[in-house]
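Down below is the structure, laid out as structure tokens.
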Amino acid sequence: MAPEILRVEELKVHFPLRSSFLQGKSGAVKKVVRAVDGISFSIGEGEVFALVGESGCGKTTTGKAVLDLLEPDCVSGKIEFFGQDLLRMKATEMKQFRRRAQMIFQDPYQSLNPRETVYDIVSEPLAIHRLAKSEADRRERVAASLENAGLKPTEDYLDRYPHELSGGQRQRVAIAAALILEPLFLVADEPVSMLDVSVRADILKLMVSLRDRYRISYLFITHDLALAWVLADHAAIMYLGKIVEVGPAEAVIQKPRHPYSQALVEVMPRSEPRAARPRVILRGEAPNPVQIPSGCRFHPRCPIPLPRCKEDEPALEELESGHRAACWRL
Amino acid sequence: MPLLDVQDLHVSFSMRQGMVRAVDGVSFTLEEGESLGLVGESGCGKTTAALSLLRLLPPNGRIDSGKILYQGRDVLTFTAEELRRFRWKEISIIFQGAMNALNPVQRVGDQIAEAIRLHQPVSEKDAGKQAQALLERVELEGRRVNDYPHEFSGGQRQRVMIAMALACRPRIVIGDEPTTALDVMVQAQIFELVESLRKELGMAMILITHDLSVLGDTCDRAAVMYAGQIVEIGPIETLFQTPCHPYARCLLRSFPRLQGSRSMADSIPGTPPNLIEVPPGCRFHPRCPEVMAICSREQPLLLERGPRHSVACHG
């Protein structure tokens, strides 16, 4: 087992719902959005951990929480980075952490400042962390980072603006900016979903090669099980703020045990002609995280609910080594 | 006679940089009740080709030549009045972003009723009733005719768009990436709904997508487009099992599958050509893994390789 770099225990992110003036006056109970509602997982060195689920399940919020990008008041639980508690770090420790943990966003059209050149964008983290010894050193580091991100020859890119680049190239610039601080942990939030299929594989391969070369660990956030399948060592399926199944990607994706994971796997397009394969398509959409259903939060949409599912919430139970699911049927 | 017969369609856009030949000699047919997929990467001309069928191009777009025969009559010769009656009544379209396609300050019921009343001489009240029935048909509650678009979730809005596209019982529905930006589960729900409606109402369909793998659930045939042209067209089984054009093969491989190995396919090197100056010969030859000498000189013709299966490749 690779040494652990990130450990999350009972993480909760509850956002207060903005109430109207009158509700505030009348002293009505404040509603909260339970975006993440008690999840635990850990990521080993050089490991890709995929967090899979539909929109609104809390996967992006989890990604932001582990990078300390949320209002501290909303976050509770424990997040340990190399054994240090993120929620209790001193300012100097925090600065170190910010160097070592970076994020790649979904939309390279929005995450890059349109008025800065590639050089400006990629070198900015160096300025913030005062890492460049000289202008020459800065140039050298930017070039190395661009090269690492597969933008070669680097001088072709330095003075260009984001609008002069394709979607794939922009995402590489975002990756170069993340790499320049030599991070050990990257949160990649749907890094290829805005890109055309023919360039997706390049970006994913780049992520894997960086992992192999620098032992970078990833929290890979995606709604696409097929991407988790080709990339992840471990995978967790999230539903309405909870992890319902987690384990080695092989087990979770090829032999899912939770009815929700099973339904997600079944609806994946297959590049097969319309066969008469029976499949369960869940009705409706996930409920609002302000009013989470009682008991198992999946029970209103579950194709095979039991009476007790309405009352008791199932915990994650170990099925086989490292493969856990939360369902009363198991 | 096929329901729709598109012959040698050429469409261009005038841009600051020059003329962009977005669709460059596209021909295909669509039979009654049939479902055809148009697949390709962004910029391959699939949406332009589909919008041309309704003559709905943006102001800088122009249909330069070709024929669009609908039940034998050329849509390109229609008068404004004929076109008004033709659009939505004969061919309707489900747009990609439902939030942009719906009017945000009008109740959805009124929007659907308006579409009905443009084409049928019915009273406001009857049109309202029809709108309600249509919402129920797409598995939404009828009382939601009084809701505004922002009160629906993304998947529900796409259902409203489908209800609207069906309002006048068209013979052909065009789906322009109708499930992009929706979750997989909602995508499956939408495709299942579209399929059952299509069978029930006997409509033909043209589904535009960049994701070949979704066509398996919904299409009889598919056409793969590259740089403004169809490079392969055939039954969906053939395209999945034995695709002939190297681009079709590359595209199919680009989608990781749960059934497949965990290795990642190679991406297609290079980028699609800009359509102002297209490469000579086969447009795919600079990126083709199987390129031959002839490919940079002569443009391959779309030739029949099997029953209803045609490929444009020298290989």
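The values are calculated or read from the model by the stated rules, or taken from the named source; none is laboratory data. Note that the structure is a prediction, hence the values are computed from the model and not measured. All Cβ positions, even for glycine, are placed from backbone atoms using ideal geometry, and neighbour counts span all protein chains on display. Note: areas computed on protein heavy atoms with side chains; ligands, DNA, RNA excluded. Shrake-Rupley method; radii C 1.70, N 1.55, O 1.52, S 1.80 Å.
List of remarks:
- Any hit, segment A:278-290, residues being open to solvent by less than 60 Å² (accessible area, probe 1.4 Å), at pLDDT 95 or above and under 21 Å from A:LYS59 (Cα atoms): no
- Scan of segment B:275-284 for residues that are more than 30 Å from A:VAL208 (Cβ to Cβ) and surrounded by 14 or more Cβ atoms within 10 Å (Cβ to Cβ), ordered by number: B:LEU275, B:VAL278, B:PRO279, B:GLY281, B:CYS282, B:ARG283
- Checked against (1) without any contact (Cβ under 8 Å) to a residue 24 or more places away in the chain; (2) under 25 Å from the mean Cα position of the chain (by Cα); (3) open to solvent by 60 Å² or more (accessible area, probe 1.4 Å), A:GLU266 meets all criteria but (3).
- Filter pass, B:ASP147 being surrounded by 15 or more Cβ atoms within 10 Å (Cβ to Cβ) and either out of contact with any Asp or Glu (no Cβ under 6 Å at 6 or more places or on another chain) or not assigned by TED's automatic domain parsing to the domain that holds B:ARG84 (or both): yes
- Residue satisfying condition, being under 14 Å from A:LEU165 (Cα atoms) and not in a helix (DSSP H, G or I), within set A:LEU131, A:LEU112: A:LEU112
- Hey, B:ARG159 of a type in the set (Lys, Arg), under 25 Å from the mean Cα position of the chain (by Cα) and open to solvent by less than 30 Å² (accessible area, probe 1.4 Å) or not: yes
Residues checked against (1) hydroxyl-bearing (Ser, Thr, Tyr); (2) farther than 26 Å from A:GLY56 by Cβ; (3) in contact with an Asp or Glu (Cβ under 7 Å, 6 or more places away or on another chain):
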| position | (1), (2), (3) |
| --- | --- |
| B:THR77 | yes, yes, no |
| B:PHE86 | no, yes, no |
| B:GLU90 | no, yes, no |
| B:LEU102 | no, no, no |
| B:HIS119 | no, yes, no |
| B:ASP126 | no, yes, no |
| B:ARG143 | no, no, no |
| B:GLU151 | no, no, no |
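- Looking only at segment A:156-171, and only at residues there that are open to solvent by 40 Å² or more (accessible area, probe 1.4 Å) and touching a residue at least 12 places away in the same chain (Cβ under 8 Å), the one that is nearest to A:LEU6 (Cα to Cα): A:GLN169
- Some residue of segment B:258-269 being within 12 Å of chain A (Cβ to nearest Cβ), under 27 Å from B:GLY155 (Cβ atoms), surrounded by fewer than 20 Cβ atoms within 10 Å (Cβ to Cβ) and not small (Gly, Ala, Ser): yes
- Any hit, segment B:87-97, residues being open to solvent by 60 Å² or more (accessible area, probe 1.4 Å) and within 23 Å of B:ASP5 (Cβ to Cβ): yes
- Restricting attention to segment B:170-200, the residues that are touching a Leu at 6+ places or on another chain (Cβ under 7 Å), away from chain A (no Cβ under 11 Å) and modelled with pLDDT under 90 total 1.
- Scope segment A:183-194; condition within 11 Å of chain B (Cβ to nearest Cβ) and either surrounded by fewer than 21 Cβ atoms within 10 Å (Cβ to Cβ) or in contact (Cβ under 8 Å) with a residue 60 or more places away in the chain (or both); matching residues: A:SER193, A:MET194
- Matching strands (runs of 3 or more DSSP E) fully within segment B:206-315 where at least 3 residues are closer than 26 Å to B:ARG171 by Cβ: B:221-226, B:229-235
- Condition check for A:ILE180: crowded, with 21+ Cβ neighbours inside 10 Å and of a type in the set (Val, Ile, Thr): yes
- Being under 23 Å from B:VAL214 (Cβ atoms) and not hydrophobic (A, V, I, L, M, F, W, C) holds for only one residue in A:PRO287, A:PRO303, and it is A:PRO303.
- If you filter segment A:195-211 down to residues that are free of Cβ contacts under 8 Å to residues at least 12 places away in the same chain and either polar (S, T, N, Q) or more than 10 Å from chain B (Cβ to nearest Cβ) (or both), you find that the one that is least open to solvent (accessible area, probe 1.4 Å) is A:SER198.
- Single residue of segment A:300-330 satisfying the filter (charged (D, E, K, R) and in a loop (DSSP other than H, G, I, E, B)) that is least open to solvent (accessible area, probe 1.4 Å): A:ASP312
- Of B:GLU298, B:GLU304, all but one fail to be more than 9 Å from chain A (Cβ to nearest Cβ), open to solvent by 70 Å² or more (accessible area, probe 1.4 Å) and in contact with a Ser or Thr (Cβ under 6 Å, 6 or more places away or on another chain); the exception is B:GLU304.
- One residue alone among A:PRO259, A:PRO248 is more than 30 Å from A:ARG130 (Cα to Cα) and open to solvent by 20 Å² or more (accessible area, probe 1.4 Å), and that residue is A:PRO248.
- Some residue of segment A:78-94 being surrounded by 21 or more Cβ atoms within 10 Å (Cβ to Cβ) and charged (D, E, K, R): no
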